[in-house]
Amino acid sequence: MEVVVTGGAGFIGSNLGHELLTLSDVDEVAALDDLSTGFRANLDGTGIRLLEGTILDPDALDAACEGADAVVHLAALPSVPRSVIDPVASHHASATGTLEVLQAARRAGDLHVVIASSSSVHGANRELPKREGMRTALVSPYAVSKQATEAYAMSFGHTYGLPTLAFRFFNVYGPLQAAGHAYAAVIPAFVDSALRGEALTIHGDGEQTRDFTYVGTVTRVLADAVTRRVTDLEPVNLAFGTRTSLNALVDELAALLGHRPAVDHVEQRAGDVRDSQADHTRLRHRFPDVEPVPLREKGCPSRSWRRWWPVVATVVGGCRRRSWTGRRGSSSRPTTPRPSRGRRWRWCGTNHCGAGWRRLPASGARCSTSGPRSRCSSGPTGNWSGPDCRRGTHARPVKRAQAHFWAR
Ligand SMILES: NC(=O)c1ccc[n+]([C@@H]2O[C@H](COP(=O)([O-])OP(=O)(O)OC[C@H]3O[C@@H](n4cnc5c(N)ncnc54)[C@H](O)[C@@H]3O)[C@@H](O)[C@H]2O)c1
């Protein structure tokens, strides 16, 4: 089958494209993206076809949808603060854009359409956990545009019989999530600041909570929805009912980095939601096999590290590609080729460092298999490698990470 992913060069879209191409049912993935917040480099060498264009252009949509079987519609201008600054752009991208995508799907012969809505639609409704049928209380232009997105999808299901499915994403994190810009999501923003030695910025007291969802889990559900052609006339939460405060996130980062980053508390932002936690009953019913990847795994720091490592590598190394899948307990040899350059590489069999290929010391000693313990403590800031490191026997997370992630 052929799948069109709008916003396919963005964070979730490029992860999804990669996930889809691992499936035997999927022959081709095309990413329709105007590169406003996405990156061409996210797709380089992945086999995903980039169609540069906007979803506001019906001709570009028709060209993308020709011969396709399904559309995963992710294109939007995400971020609440961005929508507060420019509500019209937010509206065009999400509301008008979704309408155009749905029209194109009808013209192409009633393609299956899976769309991305957001937990932000719950806004000022303080009830937890967030059930899909609960009253929405929109407090930002972004939330309004996302409510329009899901409402259009469901109305096309009712009115025209178009096979649609609207997911509400919560806080998605993982590899290829961009940091270092004004609207960066909290996890890459924290990692970026911590590794630069700058204070982490928290809006408010830090006790606001989020339901963080690993991108690998999200893309697996999306891919399953596409291949099984799952439809619904009601939205479905795509998160698993976890609740982590930003202060707890700082604790987690401190434990992983080995030092506590400074924190700067600033004024709360307009449009921000206080607490977010999904009710996942409907998701579990529709996707009984899905196994979420947790933010932290108690009692096993190396597993925890596996979740964070690709995020850190992306932020620090600017990695745009990956072979990281984040599958739980996966220790099979990766399909990625062994990096050709360098001295000695060996499959370490644990996947804790992404693809699992580790550069070994000249002596050929076995590599250490726990992420955090391989961190070098000889440098003043506890860096992993570089001039501070005298041991040199462990994986280096910046440049060499790129070799672990589909060598460029
Ligand atoms: N990341 C999250 O935590 C989260 C949470 C809730 C909902 N969502 C939704 O998930 C979707 C994907 O989000 P993401 O985090 O990957 O964001 P992203 O910014 O990385 O990806 C969005 C992509 O859409 C593209 N795009 C924007 N306007 C477009 C247009 N007019 N035509 C074509 N392409 C356009 C961008 O260039 C970008 O590649 C969005 O719809 C977002 O609202 C994300």
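Which residue is modelled with the lowest pLDDT, if the candidates are limited to segment 164-199 and must be aliphatic (A, V, I, L, M), more than 10 Å from the ligand (Cβ to nearest atom) and not in a loop (DSSP other than H, G, I, E, B)?
195
Evaluate segment 123-138: report whether one residue or more is small (Gly, Ala, Ser) and touching an Asp or Glu at 6+ places or on another chain (Cβ under 8 Å).
yes
On the basis of being among the hydrophobic types (A, V, I, L, M, F, W, C) and either within 14 Å of the ligand (Cβ to nearest atom) or under 12 Å from residue 170 (Cα atoms) (or both), does residue 101 make the cut?
yes
Find the residue count for segment 9-52, including only residues that are near the ligand (Cβ under 7 Å from one of its atoms), not β-branched (Val, Ile, Thr) and not in a helix (DSSP H, G or I).
8
Which of the residues that make up segment 82-119 are aliphatic (A, V, I, L, M), farther than 11 Å from residue 149 by Cβ and part of a helix (DSSP H, G or I)?
Listed by number, the residues that qualify are 84, 85, 88, 89, 104, 105.
For the structure I just gave you, tell me whether residue 89 is out of contact with any Ser or Thr (no Cβ under 9 Å at 6 or more places or on another chain) and at pLDDT 95 or above.
Taking the combined requirement at face value, the residue does not satisfy it.
Filter segment 83-94 down to residues that are more than 8 Å from the ligand (Cβ to nearest atom) and buried (at least 20 other Cβ atoms within 10 Å of the Cβ) and give me whichever is nearest to residue 181 (Cα to Cα).
Per the stated criteria, the residue is 83.
Considering only segment 104-118, state which residues are more than 14 Å from the ligand (Cβ to nearest atom) and within 16 Å of residue 57 (Cα to Cα).
Within segment 104-118, 105, 106, 107, 108 meet the criteria.
The values are calculated or read from the model by the stated rules, or taken from the named source; none is laboratory data. Since we're looking at a predicted model, the values are computed, not measured. Cβ: placed from backbone, ideal geometry, glycine included. Neighbour counts: every protein chain shown.
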